[in-house]
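Asker: The structure's right below; bear with me while I get my questions together.
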Amino acid sequence: MRFWMRWSAWLCLSLMLWTAAAESTHNHPSQTEAASCSICVVAHTASPTATSSNTTPAFTTVALLQEEAADMKARLEFADVGIRGPPVL
Ligand SMILES: [Zn+2]
């Protein structure tokens, strides 16, 4: 890996970690500032819940399996492997 790629990867990783640390530890001296802070607004909103209207599984036929006989020939001949056959008496 080149030096610049490694250096930029470490820079991005450290920026991400510092941003996460700053977001999780910041505080506001007053409630009015906290109300306008986008990080605090997102942190204090209720988390969305997953909703599903279909609670029972639906078992339906998608397709039918149609078997076909496989009639294939062996492509690997005995002489192609390079193994000598049994001795003929
Ligand atoms: Zn905040």
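Asker: Go through the range 23-41 and give me each residue that's open to solvent by 80 Å² or more (accessible area, probe 1.4 Å), in a helix (DSSP H, G or I) and either more than 9 Å from the ligand (Cβ to nearest atom) or in contact (Cβ under 8 Å) with a residue 12 or more places away in the chain (or both).
Answerer: Result: GLU23, SER24, THR25, GLN31, THR32.
Asker: Follow-up question, since we're still on this one. Determine which single condition SER14 fails, assuming it passes every other condition in (1) within 16 Å of the ligand (Cβ to nearest atom); (2) open to solvent by less than 100 Å² (accessible area, probe 1.4 Å).
Answerer: Condition not satisfied by SER14: (1).
The values are calculated or read from the model by the stated rules, or taken from the named source; none is laboratory data. Keep in mind it's a predicted model, so treat the numbers as computed, not measured. All Cβ positions, even for glycine, are placed from backbone atoms using ideal geometry, and neighbour counts span all protein chains on display. Please note that ligands, DNA and RNA were not included when accessible areas were found on the heavy atoms of the full protein model with its side chains. Shrake-Rupley method; radii C 1.70, N 1.55, O 1.52, S 1.80 Å.
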